[in-house]
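What follows is a single structure, written as structure tokens, with notes after it.
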Amino acid sequence: MSDRQLLLVVGVGRSGTSLLSGMLGQLGFRIPQPEVQADETNPRGFGEPRWVVDFHTRLLRERRVTVNDSRPAAWEATTAVAEAPEVRDELRTWLEGELRDPAAVLVKDPRTVWFLPLWMHCAAELGARTSFVTMLRHPAEIVTSARRSYGTGLTEATRAAAWINVILQTELVTREAPRAFVRYEDLLADWPPEIRRLGTQLDFPELAQVDRRPEVDAFVDPGLHRSRTSWADLDVPDRVRDLAETVWGHLDAGDPETLDADRAAYRTLYGEAEAIAQCSIMAARPRKKRSVPPPSLRTRLARRVRRLRS
């Protein structure tokens, strides 16, 4: 086993990734510093390296992709980043410096999922053993939590569609890698068994044998589970809701063929929505002001003559 170990916490935002990252930081994993500062949306902290967030944010902006992008085609724009030598060099240089520490490195950022091939490539070049933990939380709760924390910049339907898009791609890209899935509600209810299961699945002996610790108990507050809701409370079209619920059920079984079928169904659904939304897209575009060319010399002279005669 490589003595260089990288653990990537991935999943849709508001699914409990910050909770897990903070817990693992207290259990011996090293989160690269400095971290993103806590705020009112995450008062216990994000557990996110500042450099990683800035790196991903820049790449997403350059490719006109958002962290909660519901477009299946958006993956093509971000996956291609792994082929850009200058981007690979930038991440590899930063990651090499972080992996010099003997402790396993923990990186969490909801944007990471858009660049997983890039991370896998750089980690492999550096000889690091890379594992993944995907946090799972019911999509209706994620949509409600995001609305409460981030406002109405995205509709509830768009956030539900983005959950389908992001969680299915996360499952696909990590399918052949060491990975574990952790349910948010299970982690809050009784964290030691979940952490031990994670450690066993990913071959981290220090986690596989972990006992209850007061400092982690103090960090894990069941009161964080505030967004308990159902689809009935959300304005989400039936077809989007039904597909999200289907995907949620299929994640437990982990059958690749079923999840691939879900991905195909979502692409079809999104394609149909795009096909009939052209007029709305055109209407939303800002109108360009017509540029009026300056009058010619002949026109200006004619106007002056008219003024003199009057």
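The values are calculated or read from the model by the stated rules, or taken from the named source; none is laboratory data. Computed from a predicted structure; not experimentally measured. Glycine also receives a Cβ, built like all others from the backbone with ideal geometry; neighbour counts cover every protein chain displayed.
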**Message:** Restricting to the stretch 269-310, count the residues that are surrounded by fewer than 11 Cβ atoms within 10 Å (Cβ to Cβ) and either of a type in the set (A, V, I, L, M, F, W, C) or within 19 Å of Ile164 (Cβ to Cβ) (or both).
**Reply:** 11
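Scan the stretch 88-119 for residues that are within 20 Å of the chain's Cα centre (by Cα), surrounded by fewer than 19 Cβ atoms within 10 Å (Cβ to Cβ) and of a type outside the set (D, E, K, R) and jot them down.
Pro117
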**Message:** Against the condition out of contact with any Asp or Glu (no Cβ under 6 Å at 6 or more places or on another chain), farther than 25 Å from Trp248 by Cα and not hydroxyl-bearing (Ser, Thr, Tyr), how does Leu19 come out, does it pass?
**Reply:** no
**Request:** Answer with yes or no whether Gly25 is part of a helix (DSSP H, G or I) and either under 14 Å from the mean Cα position of the chain (by Cα) or not charged (D, E, K, R) (or both).
**Result:** yes
**Request:** Restricting attention to the stretch 265-275, report how many residues are within 27 Å of Val182 (Cβ to Cβ) and over 20 Å from the mean Cα position of the chain (by Cα).
**Result:** 1
**Prompt:** Of all the residues that make up the stretch 180-203, how many are more than 15 Å from Ser21 (Cα to Cα) and either of a type in the set (A, V, I, L, M, F, W, C) or assigned to a strand (DSSP E or B) (or both)?
**Reply:** 2
**Message:** If Glu215 satisfies all but one of (1) among the charged types (D, E, K, R); (2) over 20 Å from the mean Cα position of the chain (by Cα); (3) not in a helix (DSSP H, G or I), what's the number of the condition it fails?
**Reply:** (3)
**Asked** Restricting to the stretch 124-148, what's the tally of residues that are β-branched (Val, Ile, Thr) and in contact with a Pro (Cβ under 9 Å, 6 or more places away or on another chain)?
**Response** 1
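Among Val81, Val107, Val113, which is within 30 Å of Ala146 (Cα to Cα), in contact with a Leu (Cβ under 8 Å, 6 or more places away or on another chain) and modelled with pLDDT of 95 or more?
Selected residue: Val107, the only one of Val81, Val107, Val113 that is within 30 Å of Ala146 (Cα to Cα), in contact with a Leu (Cβ under 8 Å, 6 or more places away or on another chain) and modelled with pLDDT of 95 or more.
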**Item:** Inter-residue pairs, beta-carbon under 9 Å, first among the acidic types (Asp, Glu) and at pLDDT below 95 and in the stretch 175-190, second part of a loop (DSSP other than H, G, I, E, B) and surrounded by 15 or more Cβ atoms within 10 Å (Cβ to Cβ), 6+ apart
**Value:** Glu185/Gly16; Glu185/Arg137; Glu185/His138; Glu185/His225
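Table: residues versus (1) touching a Leu at 6+ places or on another chain (Cβ under 9 Å); (2) in a helix (DSSP H, G or I); (3) more than 14 Å from Pro139 (Cα to Cα).
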{"site": "Asp235", "(1), (2), (3)": "no, no, no"}
{"site": "Arg241", "(1), (2), (3)": "yes, yes, no"}
{"site": "Leu251", "(1), (2), (3)": "yes, yes, no"}
{"site": "Ala264", "(1), (2), (3)": "no, yes, yes"}
{"site": "Thr268", "(1), (2), (3)": "no, yes, yes"}
{"site": "Ser280", "(1), (2), (3)": "no, yes, yes"}
{"site": "Ala283", "(1), (2), (3)": "no, yes, yes"}
{"site": "Pro293", "(1), (2), (3)": "no, no, yes"}
{"site": "Arg306", "(1), (2), (3)": "no, yes, yes"}
